[in-house]
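As structure tokens, the structure follows; a few thoughts come after it.
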Amino acid sequence: MQIRLSWQNLETGEWRTPVLTPPIALGRVFERMPSTVNGERVSRLVLNGERVSRFHGLITWENGTLMLTDTGSRNGILVNGIPQTRCVLQDGDLLQIAHYNITLSLVTNSFNTLPQNQSQISFSPPTKLPDTDLSSSTVSSANRENFPPQSFVNSLQISVQQLQTLGLPTDEIDYLTIGAGLGSFIWVDLLRISGIKSNQIIALGIDNKPYTHYQQLCLNSQIPPQERLRSNSDSCPDNIWGWPSYALREAYTEARQGQFLTALKLLWQVFAEPTFAETYTPRSGDVFNSIDREAHRIQWSQMYRYGRVKSIRKMTDGRYAIAYSRSTENRRDHGFILARYVQIATGYPAIQFLPDLQAYREQTKDFKTVVNAYENHDYIYEKLEQSGGTVIIRGRGIVASRILQRLYEARQKNSQIQILHLMRSPKAQGNQFEKAKRTVENHFEFQPFNWPKSCWGGDLRQQLEAANPQARLKLLEQWGGTTTAPRKDWQNIVNQGLRQGWYRITFGTVERVEPTPQGRTLTTIREHGLNANLQLEADFIIDATGLDAKVNTNPFLNDLVTHYNLPLNTLGRLSVANDFELVEMRNSNSSGEGFGGRMYAVGAITLGGPYAAVDSFLGLQYAALVSVENLASLSTPSLRKLTGWHSLWQWFKWVNNQPPN
Ligand SMILES: Cc1cc2nc3c(=O)[nH]c(=O)nc-3n(C[C@H](O)[C@H](O)[C@H](O)COP(=O)(O)OP(=O)(O)OC[C@H]3O[C@@H](n4cnc5c(N)ncnc54)[C@H](O)[C@@H]3O)c2cc1C
């Protein structure tokens, strides 16, 4: 059985709630805690502060009893207020170690022990597209390339000499980011602005443009360059200051083309949103163009390196060794990069499928009639435009809205298109948090962004950081959930469709999905509130329910978590501190003294922690700001905190499109 340790660091106010498998070592220096006890791998929990001993205590299962042992610490351990050197632990016990008050709870069912969800499709390594033939389990188990070598895989800390004996190309760098997508780009951008030279950074990933993966997902889910995204005007991945915002830039471009009315409309929109005008959102094409400009300015191409990261190991000199592969079908090409400061930004590893639809696909091997909205399914619209037909949509978030809009566009070319929207249950009322209540229309729940705006930088951000673990989960549930943006065009389409009868909403729980002899799909549902089955026939089913970022769907993250026994948060993602550090991956040289390596994680792989909007442009910028600030406080090489005149000077450089240094 696993246990959850929850505490608030009284110095920083920060909450942590890792779920761990005993034996669990508690202490200040990772390397001073044992890696195994009685042959079992130890979860090593790093607690900061001089009053915490290097190896302070140990929690173990002994004949079915949970035991705590003080391993000779200087300042001792209190259990429920009483000093203990060895005692039995129970659910709800309070452990006091220096300034840490740690509550222990037994976990009967955690994400670490749950069987892997089968309803996922991983992104294929060579094509980077969702691969229907590839189940996540086959991805994780297969090491077709026989890389990294076993001696590397098995080590907890590896030395430079051991790496040299492997005879593979090895490079050294100060700062390294893994993923080379938007999260990486934003971190690198901030590092460059904060004084780091391009030859001190490597961005390791599969696509040379930071937005390739994101753009592909946008295109698949029917957001072409001229369509608008779901983010704020000042969420600018190319500009850490957020000014000039996208609305201002768009208004300027319109005005230069003589479109003064459009320009004024855009300005009015950002001034009056969301009460008197619809919330402004930028066009995806404008966002990509702005990133291209900034990538050129910060010399992204010089820092980018092609490679898929296989695994990471700590090094005895305090750095990290990153094993990566550049192999193609015909050529084996592997190497290592040694870095001291590492950021992990690997985004979504898989798309999530509803289990009944996944079952249909697995049984029938038909990947064309039942699709996920994040897969390429343009042929469906082409086919519908030619011959008409019926489509079932599943899910009622922002992607479902966009799919609906795309089907409406197809319907302008062929009026023989019918849309069935299958929802689990009616939605009469919107979620309420304090005085704020979301509006609902036709069972769609509205919120301009996927989180209330003040989750990014306002009151709600602070509230979540300060919340205890139970309250944090509740808050995330209340603020998030499935919502779509209130846009007049979408609302009009739904109303028009309902009125004219070509769009219908049905409520029910799916019992099964089967093929018909005519090559269509037959969905059997139990109707909501009725004890009767209903059958829905359709030519296509589009699942718009989402993407998945649980760490066990990404082989590299899975390796990291299992090898170092890293805690996961209650949503099964990486457990990070308020500054996005993976504290348990902190590294120091073998003497245990001085500054060693630091590792951070950002994006969807950290959802469920101290920050709600982790998977958004502004959220990635926030994560970059706090992690770089943390590095600046450690006086890492060439890094300057971005404040005052230095910030203003850098902003002028951005305006003039000059390299940051
Ligand atoms: C359709 C869609 C629309 C969105 N719209 C908005 C919006 O309007 N506004 C907003 O704020 N947010 C939006 N988001 C959310 C978020 O901003 C994006 O998902 C963003 O791309 C997240 O950045 P990331 O770096 O975490 O992931 P990505 O940009 O996807 O980058 C991750 C990269 O890591 C690579 N990678 C994975 N594993 C490895 C490995 N082992 N080795 C090397 N590389 C690896 C992947 O190939 C990928 O290129 C949207 C998301 C989606 C899916």
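The values are calculated or read from the model by the stated rules, or taken from the named source; none is laboratory data. Treat the numbers as computed from the prediction; the structure is a model and nothing was measured. Don't worry about glycine lacking a Cβ; one is built from the backbone with ideal geometry, like all the others, and counts go over all protein chains shown.
Residues in the range 447-468 that are surrounded by fewer than 21 Cβ atoms within 10 Å (Cβ to Cβ), in contact (Cβ under 8 Å) with a residue 12 or more places away in the chain and assigned to a loop (DSSP other than H, G, I, E, B): PRO452, LYS453, ALA467, ASN468. Restricted to the range 359-431, the set of strands (runs of 3 or more DSSP E) holding at least 2 residues that are closer than 23 Å to TYR348 by Cβ and in contact with a Ser or Thr (Cβ under 9 Å, 6 or more places away or on another chain) comprises 370-372. Filtered by the rule that a residue be under 15 Å from GLN491 (Cβ atoms) and more than 16 Å from the ligand (Cβ to nearest atom), the range 397-418 gives a lone residue, TYR408.
The residue of the range 64-78 that is surrounded by the fewest Cβ atoms within 10 Å (Cβ to Cβ), among those that are assigned to a strand (DSSP E or B) and free of Cβ contacts under 8 Å to residues at least 60 places away in the same chain, is THR65. So if I check each of ALA471, ALA400, ALA410, which one is within 23 Å of the chain's Cα centre (by Cα), small (Gly, Ala, Ser) and surrounded by 14 or more Cβ atoms within 10 Å (Cβ to Cβ)? One residue alone meets the criteria, ALA400. Looking at GLY508, is it under 29 Å from ARG361 (Cα atoms), in a loop (DSSP other than H, G, I, E, B) and either touching a strand residue (DSSP E or B) at 6+ places or on another chain (Cβ under 7 Å) or not acidic (Asp, Glu) (or both)? Answer is no for this residue. Only residues that are closer than 24 Å to LEU384 by Cβ and of a type in the set (Asp, Glu) were counted in the range 497-542, giving 3. When we screen TYR374, TYR381 for residues that are over 20 Å from PHE507 (Cβ atoms), within 28 Å of the chain's Cα centre (by Cα) and of a type in the set (Ser, Thr, Tyr), the only hit is TYR374. Looking at the range 571-591, can you tell me whether even one residue there is acidic (Asp, Glu), over 20 Å from VAL309 (Cβ atoms) and crowded, with 16+ Cβ neighbours inside 10 Å? Yes, there is a match, as at least one residue in the range 571-591 is acidic (Asp, Glu), over 20 Å from VAL309 (Cβ atoms) and crowded, with 16+ Cβ neighbours inside 10 Å. The set of residues in the range 517-551 being closer than 30 Å to ALA604 by Cβ, aliphatic (A, V, I, L, M) and modelled with pLDDT of 85 or more consists of ILE541, ILE542, ALA544, LEU547, VAL551. Filtering ALA350, ALA323, ALA345 for residues that are within 16 Å of the ligand (Cβ to nearest atom), at pLDDT below 90 and under 25 Å from GLY572 (Cβ atoms) leaves a single hit, ALA350. The residues of the range 533-555 that are within 16 Å of the ligand (Cβ to nearest atom) and either in a loop (DSSP other than H, G, I, E, B) or of a type in the set (D, E, K, R) (or both), listed by number, are ASP543, ALA544, THR545, GLY546, ASP548, ALA549, LYS550, ASN554.
Within the range 269-294, residues that are touching a residue at least 60 places away in the same chain (Cβ under 8 Å) sit with their Cβ atoms under 6 Å from residues that are part of a helix (DSSP H, G or I) and crowded, with 19+ Cβ neighbours inside 10 Å, at 6+ positions apart or across chains, in these pairs: SER284/CYS218. Here is the figure for the range 274-304: residues that are away from the ligand (no atom under 12 Å from the Cβ), outside any helix (DSSP H, G or I) and not assigned by TED's automatic domain parsing to the domain that holds PRO244 total 2. For the range 426-445, a residue qualifies if it is within 28 Å of the chain's Cα centre (by Cα) and within 21 Å of ARG504 (Cβ to Cβ), and the qualifying residues are LYS427, VAL440, HIS443, PHE444, GLU445. Looking across GLY335, GLY347, one residue alone is crowded, with 16+ Cβ neighbours inside 10 Å and assigned to a loop (DSSP other than H, G, I, E, B). It is GLY347. Would you point out the residue of the range 190-239, among those that are assigned to a helix (DSSP H, G or I) and away from the ligand (no atom under 12 Å from the Cβ), that is surrounded by the most Cβ atoms within 10 Å (Cβ to Cβ)? Of everything passing the filter in the range 190-239, LEU191 is surrounded by the most Cβ atoms within 10 Å (Cβ to Cβ). The residues on offer are LEU568, LEU582, and the sole one that is assigned by TED's automatic domain parsing to the domain that holds LEU190 and either small (Gly, Ala, Ser) or more than 16 Å from the ligand (Cβ to nearest atom) (or both) is LEU568. For the range 618-635, a residue qualifies if it is under 16 Å from GLY347 (Cβ atoms) and touching a Leu at 6+ places or on another chain (Cβ under 7 Å), and the qualifying residues are LEU620, ALA624. Within the range 70-100, being of a type outside the set (A, V, I, L, M, F, W, C), under 26 Å from PRO469 (Cα atoms) and touching a Leu at 6+ places or on another chain (Cβ under 6 Å) holds for ASN80, ASP91, ASP93, GLN96, HIS99, TYR100.
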